[in-house]
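Novice: So that we are looking at the same thing, I have put the structure below in structure tokens.
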Amino acid sequence: MEALVVDAGSKLLKAGAAIPDQSPAMIIPSQMKRMVDDASDNPTTVFEDVTLDPIERGFIKDWDAMEDLLRYVVYTGLGWEEGNEGNILFTDPLCTPKAIREQLVQLMFETFNVSGFYASEQAVLSLYAVGRISGCTVDIGHGKIDIAPVLEGAVQHIASKRFELGGTDLTKLFAQELGKSNPSVNLSMSDVETLKEQYANCAEDEAAYEKTQNCEIEQHTLPDGQVISIGRERYSVGEALFQPSILGLEEHGIVEQLVRIISTVSSENHRQLLENTVLCGGTTSMTGFEGRFQKEASLCSSAIRPTLVKPPEYMSENLGLYSAWIGGAILAKVVFPQNQHVTKADYDETGPSVVHRKCF
């Protein structure tokens with residue numbers, strides 16, 4: 001039985017058997033809804049939707065909800081049989097607290113009775129997905145941005161940086177901007193998320209963004225029949241990554257952050273980091289983002305100019321959306337057959353802390 005690979009993000013959970021040249025078998029929302037009744041005996045009880053987010057800003061926050069989500073994934077979705085569980089590999093976000101890693105391995109062995117467990121950092125796995133062991137990843141997810149230099153398969157933690165900023169913040173910005181230009185339209189956040197995925201764009205450069213004040217305005221009809229006008233707002237979403245002041249943040253733009261991070265690593269490693277820069281996370285698939293990133297990189301005044309790695313031709317075009325999962329599928333083919341993973345015997349002997357010794 002193939003090992004399972006799980007990449008659990010704030011917005012989407014990707015899971016499936018470790019088959020690297022295929023997309024994950026399951027790509028589902030991480031957000032859940034729990035039906036709560038009023039505890040009365042009335043057969044016509046009205047159920048109320050309660051939304052649960054097991055994962056926030058990349059980290060597991062609600063362990064009961066996470067257990068329910070994983071039960072659905074491994075038993076209903078991927079066909080594991082209770083009492084015959086196999087091996088499982090999880091992707092690990094940058095800067096994951098040790099306590100979360102220990103609680104996850106405890107959940108896997110004590111609740112799910114897995115036969116083997118492994119976890120590896122998303123930055124390393126995203127590089128494996130494009131055939132590299134050294135490079136720098138820029139991962140723009142739903143709830144966070146991780147920028148991590150990796151040398152010989154090891155994240156350089158002292159140089160890495162995590163930002164509590166991601167796609168969800170860009171959605172809120174888009175909602176604010178649309179609200180200003182469409183004050184009479186009542187927008188739900190799910191509507192805004194859909195509009196963002198359809199319309200959000202990156203201007204070619206800062207000068208081009210300034211010219212978007214006069215850009216063409218499109219009319220969009222919402223599912224409930226309301227009509228909304230979308231103009232410059234679509235460019236504000238992407239621009240905020242290069243000019244965080246749009247979000248009210250005193251931070252450098254994404255490319256300058258990357259350059260500053262690489263400059264803190266020993267200069268002898270600059271070249272292999274620069275020439276192997278990988279973009280990943282759903283937000284990087286925004287129209288025009290890659291082109292803008294490359295242009296900003298070419299304009300860097302320093303000698304540090306990042307070059308993006310192109311995915312191998314045999315890999316999916318959407319590699320950046322689930323590169324960590326693909327890297328996990330590649331790694332699972334190595335660690336489990338070679339017994340490099342945490343076994344049940346390891347766990348019983350050492351307890352949850354074994355995860356730090358065997359996985360990181």
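The values are calculated or read from the model by the stated rules, or taken from the named source; none is laboratory data. Note that the structure is a prediction, hence the values are computed from the model and not measured. Neighbour counts run over all protein chains shown; Cβ positions are idealised from the backbone, glycine included. Each accessible area value is taken on the protein alone, full model and side chains, heavy atoms only, with ligands, DNA and RNA left out. Shrake-Rupley method; radii C 1.70, N 1.55, O 1.52, S 1.80 Å.
Novice: Loop only by DSSP, 13 or fewer other Cβ within 10 Å of the Cβ. Give me the GluC sites (Glu not before Pro) in segment 81-130 that pass, ordered by residue number. Walk me through the intermediate numbers first.
Specialist: Details: sites: E81, E82, E85, E102, E110, E121; in loops: E81, E82, E85.
Sparse-neighbourhood loop GluC sites (Glu not before Pro): E81, E82.
Novice: Could you state how much accessible area S184 has, in square angstrom rounded to the nearest 10, with a 1.4 Å probe and all protein chains kept in place?
Specialist: Only protein atoms counted, so the area is about 110 Å².
Novice: Determine, from the Cβ-Cβ distance of A303 and E204 and an R0 of 22 Å, the FRET efficiency 1/(1 + (r/R0)^6), rounded to the nearest 0.05.
Specialist: Working: r = 24 Å, r/R0 = 1.09.
Once the sixth-power term is evaluated, E becomes 0.35.
Novice: Moving on to the next point. For an R0 of 25 angstrom, estimate the FRET efficiency from the Cβ-Cβ distance between N113 and K333 and round to the nearest 0.05.
Specialist: Working: r = 23 Å, r/R0 = 0.92.
Approximately 0.60, to the nearest 0.05.
Novice: About the Cα centre of the chain, what is the dipole size in debye to 20, counting +1 per Lys and Arg Cβ and -1 per Asp and Glu Cβ, all else neutral? Please list the in-between numbers first.
Specialist: Details: 29 positive and 51 negative charges, 223 e Å.
Taking the Cα centre of the chain as origin, the dipole is about 1080 debye.
Novice: On to the next question. Given a 1.4 Å probe and the protein chains all in place, what does the accessible area of T264 round to, in Å² to the nearest 10?
Specialist: About 90 Å², rounded to the nearest 10.
Novice: Do me a favour and compute the ellipsoid semi-axes for segment 182-267 from its Cα gyration tensor, root of five times each eigenvalue, largest one first, whole Å. Walk me through the numbers on the way to the answer.
Specialist: Working: eigenvalues 205, 43, 22 Å².
The three semi-axes for segment 182-267 are 32, 15, 10 Å.
Novice: Take the Cα radius of gyration of the chain and divide it by 2.2 N^0.38 Å, with N its residue count; two decimals is plenty. Don't skip to the answer; put the middle values down first.
Specialist: Numbers: Rg = 21.8 Å, N = 360, 2.2 N^0.38 = 20.6 Å.
With N residues counted in the chain, Rg over 2.2 N^0.38 Å equals 1.06.
Novice: Roughly how many Å² is the accessible area per residue of the chain, as a whole number, for a 1.4 Å probe? Provide the component values of the computation, followed by the final result.
Specialist: On the way: 17070 Å² over 360 residues.
Normalised by residue count, the accessible surface of the chain is 47 Å².
Novice: Same structure, new question: Quick check: residue separation of T350 and E102 times 0.36 nm, minus the Cα distance between them. What number comes out in nm? Walk me through the numbers before you get to the answer.
Specialist: Working: separation 248, 0.36 × 248 = 89.28 nm, distance 1.15 nm.
In short, 88.1 nm is gained.
Novice: Subtract the Cα-Cα distance of E197 and D68 from 0.36 nm times their separation in residues, and report this length gain in nm to one decimal. Write down the numbers at each step before the final one.
Specialist: Working: separation 129, 0.36 × 129 = 46.44 nm, distance 2.83 nm.
Length difference between fully extended and current span is 43.6 nm.
Novice: Taking the simple approach of a point 7 Å from Cα along Cα-to-Cβ for both I133 and S285, what is their distance in nm?
Specialist: Between I133 and S285, the simple spin-label model gives 3.0 nm.
Novice: R0 = 22 Å: FRET efficiency of K161 with F59, Cβ-based, nearest 0.05? The partial results should precede the final answer.
Specialist: On the way: r = 16 Å, r/R0 = 0.73.
According to the calculation, E is roughly 0.85.
Novice: I'd like the distance between the alpha-carbon centres of segment 126-148 and segment 271-350, rounded to an integer number of Å.
Specialist: 4 Å
Novice: Ordering H220, H341 by accessible area with a probe of 1.4 Å, largest first, what comes out?
Specialist: Reading off the accessible areas and sorting them downward yields H220, H341.
Novice: For the ranges 6-12, 50-56, what's the packing order if you count other beta-carbon atoms within 10 Å of each residue, average per peptide, and put the highest first?
Specialist: The peptides rank, most packed first, as 6-12, 50-56.
Novice: Compute the Rg/Rh shape ratio of segment 218-360: radius of gyration over Kirkwood radius, all on alpha-carbon atoms. Walk me through the numbers on the way to the answer.
Specialist: Details: Rg = 21.2 Å, Rh = 19.2 Å.
Radius of gyration relative to Kirkwood radius: 1.10.
Novice: Among G238, S190, C215, whose Cα sits farthest toward the positive end of the charge dipole of segment 166-244 (+1 at Cβ of Lys/Arg, -1 at Cβ of Asp/Glu, about the Cα centre)?
Specialist: Farthest towards the positive end: S190.
Novice: Along the positive direction of the dipole of the chain (beta-carbon charges: Lys, Arg +1; Asp, Glu -1; about the Cα centre), which of F117, Y347, A148 reaches farthest?
Specialist: A148
Novice: Right, here's the next one. Keeping all protein chains in position, work out how much accessible area L78 exposes to a 1.4 Å probe, and write it in Å² to the nearest 10.
Specialist: Counting only protein heavy atoms, the figure is 40 Å².
Novice: On the protein heavy atoms, probe 1.4 angstrom, tell me the percent of accessible surface of the chain carried by carbon and sulfur.
Specialist: 47 percent
Novice: So for the pair M1, S266, with labels modelled 7 Å out along Cα→Cβ, what separation do we get in nm?
Specialist: Each label point is offset 7 Å from its Cα along the Cβ direction, giving 4.4 nm.
Novice: Please compute the length gained on full extension between L249 and E216, using 0.36 nm multiplied by the number of residues separating them and subtracting their Cα-Cα distance.
Specialist: Values: separation 33, 0.36 × 33 = 11.88 nm, distance 2.83 nm.
Contour length minus Cα-Cα distance gives 9.1 nm.
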